[in-house]
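Here is the structure we will look at.
The values are calculated or read from the model by the stated rules, or taken from the named source; none is laboratory data. Everything numeric here is computed off the predicted structure, so don't read it as measured data. Here the Cβ is made from the backbone with ideal geometry for all residues, glycine too, and neighbour counts use every protein chain on show.
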């Protein structure tokens, strides 16, 4: 089937927004928004971000969610998507149909319109990339660099589910977390409302909580203090070593954010009404650097605080 | 070097727009525009759209231009870009620096801001994808489907340069067209102004003039009549066979558009003042189908009117 054939059969039905012109045009028209619009793009590639044997339905959902978590972290709600699909010729049309079906359902679940994209053949393996816009709830996006010393640090839901899934899969064990490795469970749209109302800075946690926390603190010109035992870990962490392992692995796609200490009570009330589970895990400090405690005692940190994607020298294949 | 390291060294300096936050954030903020904004994304992949040995500077310029031609065809001027770069670990850092340098210069030449993106390692070969926004000059984008029977058909500049370059390269000959194969020469911003003022429908010619013309006519609910001898071909076409070959190969990235017959005089005057070379090559008709003449005589058309990218069954490696 030709590229035009695939698009018409599997993707044009997903493109119902008027600006999408059913994907028949060279460009799509973005819907007009009263407030600021943010945009992000994230790619996933076979042999780097996923295995060739991973189910394409999971890949479709993960592709949407890793982009949505970026939009939510900016205090915005997802709007419109463009898909780049690099499809290997040895994958079947049924496999493509399964991918498109899962993608459409996941986009629908978030209220996202597919408005454009490009399909190409990809002899080197499946390549997926999504560009996603989002409408800011407040009159500016939440940024990484907006926090100040004294602001408290919060995290949505729990950390380490993907790591637990990775370990279980590697050991050949059954675990409910294996599905979290394949497709993250991310906060709902309520989290964007919460962040837009309260967060002075935010980001999604994709490369490990500790490393990402350093990024947020640095962007805000601050240091940070983290009480590792206040972090909600998947299946809880019994020891410091286990906590450090879960907090440096990544693939969590939870939202890390800072908020002024004075707004704690309202924040907690709003989180309840938005249906978002949050934990207070530390605070930003004057100066720089990251200090971590475990049950009140200072912790010596490992050299590597998170996962670094895409090294030139060594191509990390993960999971 | 880590992904963060590459981004900081080679791409952050290209991101000067305030909304880009120097690429340090999860999302970028789109600049606000008074009128409609269009968006497009086009990918290029090693072994499909280019050879591993092609100079990365040419790939960078082509990546920008194939997206810009889509924006221009909508009667819009390019604004902001997001880059997805899948980089194989066996390419050198100097090669990356050369790519980033050429990309930056090409974006600058078009006044485009790089505002975001994603870099990943790509074990299967270099993978490039650009998402580009554009600001419409008029109060709506020019679409493929807006033309009516009787509208005249026009094309910018000339067709077939890439095909000439391909043939020359295959034969081991020198030719000024080889550079057109590697990096298309596309119309300037004046073409967007011309289309916004006059075009009832438009698209860029990427997959062969004849096939793309059928797409435009079909989207407009029309048939089309084309005088093939009125098309300006690279180095001219001496015979009908040569003209058909050049008109069905693609990679031209010129703009095909329709305009009401009554506006011809003003269109030609404006084209001169916009510095855009255009040729009138036919007209849209009631009904459907494509009729082609050569020196006044009706032409039997080949079965395949253009290049079809990305077949599932056979992976076309081209050029």
Do we have residue A:176 as farther than 29 Å from residue A:303 by Cβ and in contact with a strand residue (DSSP E or B) (Cβ under 6 Å, 6 or more places away or on another chain) here? no
Qualifying positions in the stretch A:33-54 - out of contact with any helix residue (DSSP H, G or I) (no Cβ under 7 Å at 6 or more places or on another chain), in a loop (DSSP other than H, G, I, E, B) and either closer than 22 Å to residue A:96 by Cβ or touching a residue at least 24 places away in the same chain (Cβ under 8 Å) (or both): A:33, A:35, A:36, A:47, A:48, A:49, A:51, A:52, A:53
By residue number, the members of the stretch B:250-282 that are under 19 Å from residue B:229 (Cβ atoms) and surrounded by 23 or more Cβ atoms within 10 Å (Cβ to Cβ) are B:252, B:254, B:256, B:278, B:281, B:282
Residue A:57 vs (1) more than 8 Å from chain B (Cβ to nearest Cβ); (2) within 20 Å of residue A:15 (Cα to Cα); (3) touching a residue at least 60 places away in the same chain (Cβ under 8 Å): all pass except (3)
Please indicate, with yes or no, whether at least one residue in the stretch A:61-76 is surrounded by 22 or more Cβ atoms within 10 Å (Cβ to Cβ), modelled with pLDDT of 95 or more, touching a helix residue (DSSP H, G or I) at 6+ places or on another chain (Cβ under 7 Å) and part of a strand (DSSP E or B). yes
Return yes when residue B:168 is farther than 20 Å from residue B:65 by Cβ, assigned by TED's automatic domain parsing to the domain that holds residue B:262 and in contact with a helix residue (DSSP H, G or I) (Cβ under 6 Å, 6 or more places away or on another chain) and no when it is not. yes
Report yes if residue A:242 is within 26 Å of residue A:297 (Cβ to Cβ) and without any contact (Cβ under 8 Å) to a residue 40 or more places away in the chain, otherwise no. yes
Residue match in the stretch B:232-244 (condition: crowded, with 22+ Cβ neighbours inside 10 Å, farther than 19 Å from residue B:162 by Cα and assigned by TED's automatic domain parsing to the domain that holds residue B:283): no
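Every residue, every condition in (1) touching a residue at least 12 places away in the same chain (Cβ under 8 Å); (2) touching a strand residue (DSSP E or B) at 6+ places or on another chain (Cβ under 7 Å), yes or no:
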site: B:5; (1), (2): no, no
site: B:31; (1), (2): yes, yes
site: B:61; (1), (2): yes, no
site: B:74; (1), (2): yes, yes
If we scan the stretch A:209-222, do we find a residue that is surrounded by fewer than 21 Cβ atoms within 10 Å (Cβ to Cβ), out of contact with any helix residue (DSSP H, G or I) (no Cβ under 9 Å at 6 or more places or on another chain) and not in a helix (DSSP H, G or I)? yes
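Looking at A:63, A:79, which is the one that is more than 8 Å from chain B (Cβ to nearest Cβ) and under 20 Å from residue B:128 (Cα atoms)? Full working, then the answer.
Values: A:79 fails: under 20 Å from residue B:128 (Cα atoms).
Going through A:63, A:79 in turn, just one is more than 8 Å from chain B (Cβ to nearest Cβ) and under 20 Å from residue B:128 (Cα atoms): A:63.
One line per residue, one yes/no per condition, for (1) farther than 17 Å from residue B:250 by Cβ; (2) at pLDDT below 95; (3) within 12 Å of chain A (Cβ to nearest Cβ):
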| position | (1), (2), (3) |
| --- | --- |
| B:126 | yes, no, yes |
| B:131 | yes, no, yes |
| B:135 | yes, no, yes |
| B:141 | yes, no, yes |
| B:149 | yes, no, no |
| B:154 | yes, no, no |
| B:158 | no, no, no |
| B:164 | no, no, no |
| B:182 | no, yes, no |
Among the residues that make up the stretch A:39-54, is at least one of them buried (at least 23 other Cβ atoms within 10 Å of the Cβ) and away from chain B (no Cβ under 11 Å)? yes
Subset of the stretch B:133-167 (residues that are more than 27 Å from residue B:279 (Cβ to Cβ) and assigned to a strand (DSSP E or B)): B:133, B:135
Return the residue satisfying two criteria in turn: it lies in the stretch B:18-30 and is surrounded by 18 or more Cβ atoms within 10 Å (Cβ to Cβ) and under 26 Å from residue B:74 (Cβ atoms), and of such residues it is farthest from the other protein chains (Cβ to nearest Cβ). B:20
Give the residues of the stretch B:88-114 that are touching a residue at least 60 places away in the same chain (Cβ under 8 Å) and within 7 Å of chain A (Cβ to nearest Cβ), sorted by residue number. B:93
